[in-house]
Amino acid sequence: MLENGQQVHQNIQTGQVPQAMNHGGHEMFDVHEVLAGAINTLNLYKLLGGHIQDPELRDIHNRQSQFIQEEYNLTLQCFQTGQPPAKRTEPYMMKENNDFIFGMTQMPPSKPIQNVTEISDQHVAAAMLNALKGTASMKTMAASETTNPVVRRVIAASIPNCLEMAYEVSLYQNKHHYYQVPQLAAQDMQQILNGFAPAQGMPMQQQMNNNMH
């Protein structure tokens with residue numbers, strides 16, 4: 001309900017809940033994980049930055065790091081105040097094209113490094129991708145349990161950005177053969193593609209409405 005132009009919520013045990021405290025239990029823990037995860041990702045990016053050799057990967061790294069920091073600040077602001085953040089969440093725009101290279105080429109077997117001096121652009125990109133994939137999953141779970149509508153919108157809007165950044169890194173990896181994409185045989189692909197057919201008939205509610213006329 002509204003009181004003096006401000007939305008007021010009800011707790012059946014304690015009464016009115018001010019907007020700044022409009023957070024459920026699941027939300028408190030899940031958003032805590034989202035914010036802590038963003039800090040961990042930013043720290044990881046900071047640690048990785050000194051090992052990057054390729055200017056293209058450095059550009060991706062710098063743009064993503066800046067974007068993640070801005071999203072973290074927006075999420076923190078609306079979480080602490082219960083109010084819309086000072087600026088709207090913006091979509092992340094990657095520079096990579098969408099052209100994956102399919103097929104496998106011979107590469108040395110993967111193995112753990114023995115010294116930090118062995119860290120290469122391949123290792124950096126893999127760490128970035130893993131961090132972004134984990135963040136996307138964490139934010140999806142948090143948005144499903146968030147009661148504050150502003151916080152939920154901000155987190156939900158940030159999920160596609162995580163996916164876009166992960167996709168950008170995977171495209172970079174693919175171009176350098178770090179992320180190889182095998183394909184099934186054409187016959188097998190065709191069988192799977194044709195393994196489904198459109199649903200038939202009207203949805204139940206529409207069918208009931210038609211029967212009432």
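Does Lys175 meet the test of being among the charged types (D, E, K, R) and open to solvent by 100 Å² or more (accessible area, probe 1.4 Å)?
It is false that Lys175 is among the charged types (D, E, K, R) and open to solvent by 100 Å² or more (accessible area, probe 1.4 Å).
Going through Ala86, Ala20, Ala36 one at a time, which residue ends up being modelled with pLDDT of 95 or more, among the hydrophobic types (A, V, I, L, M, F, W, C) and open to solvent by 30 Å² or more (accessible area, probe 1.4 Å)? Can you show your working first?
Numbers: Ala86 fails: modelled with pLDDT of 95 or more; Ala20 fails: modelled with pLDDT of 95 or more.
Exactly one residue qualifies, and that residue is Ala36.
Pairs only if they're at least six apart or on different chains, beta carbon under 8 angstrom, first in the stretch 65-78 and touching a residue at least 12 places away in the same chain (Cβ under 8 Å), second of a type in the set (Val, Ile, Thr) and outside any helix (DSSP H, G or I); list them, first residue then second.
Glu71/Thr89; Leu74/Thr89
Being out of contact with any Gly (no Cβ under 6 Å at 6 or more places or on another chain) and within 22 Å of Gln53 (Cβ to Cβ), is that true of even one residue in the stretch 133-155?
Looking for residues that are out of contact with any Gly (no Cβ under 6 Å at 6 or more places or on another chain) and within 22 Å of Gln53 (Cβ to Cβ), one finds none in the stretch 133-155, hence no.
For Val154, work out the one condition from (1) farther than 16 Å from Leu171 by Cβ; (2) in a loop (DSSP other than H, G, I, E, B) it doesn't fulfil.
(2)
Could you pull out the residue among Lys95, Lys87, Lys111 that is under 30 Å from Gln183 (Cα atoms), of a type outside the set (A, V, I, L, M) and free of Cβ contacts under 8 Å to residues at least 40 places away in the same chain?
Of the residues listed, the single one that is under 30 Å from Gln183 (Cα atoms), of a type outside the set (A, V, I, L, M) and free of Cβ contacts under 8 Å to residues at least 40 places away in the same chain is Lys111.
Scanning for something open to solvent by 20 Å² or more (accessible area, probe 1.4 Å), of a type in the set (S, T, N, Q) and under 13 Å from the mean Cα position of the chain (by Cα), does the stretch 112-131 turn up at least one residue?
Yes, because at least one residue in the stretch 112-131 is open to solvent by 20 Å² or more (accessible area, probe 1.4 Å), of a type in the set (S, T, N, Q) and under 13 Å from the mean Cα position of the chain (by Cα).
Considering only the stretch 184-201, state which residues are among the hydrophobic types (A, V, I, L, M, F, W, C) and over 21 Å from Met104 (Cβ atoms).
The answer is Leu193, Phe196, Ala197, Ala199.
Take the stretch 89-111 and flag every residue that is within 24 Å of Gln64 (Cα to Cα) and open to solvent by 100 Å² or more (accessible area, probe 1.4 Å). Spell out how you get there, then give the answer.
Pass one, the stretch 89-111, residues within 24 Å of Gln64 (Cα to Cα): 89-101.
Hits for the stretch 89-111 are Glu90, Met93, Lys95, Asn98, Asp99.
The values are calculated or read from the model by the stated rules, or taken from the named source; none is laboratory data. Keep in mind that this is a model prediction, so the values were computed, not measured. Cβ coordinates were reconstructed from backbone atoms using ideal geometry, including for glycine residues, and neighbour counts include every protein chain displayed. Just so you know, the surface numbers come from the protein's heavy atoms only, side chains and all, with ligands and any DNA or RNA stripped out. Shrake-Rupley method; radii C 1.70, N 1.55, O 1.52, S 1.80 Å.
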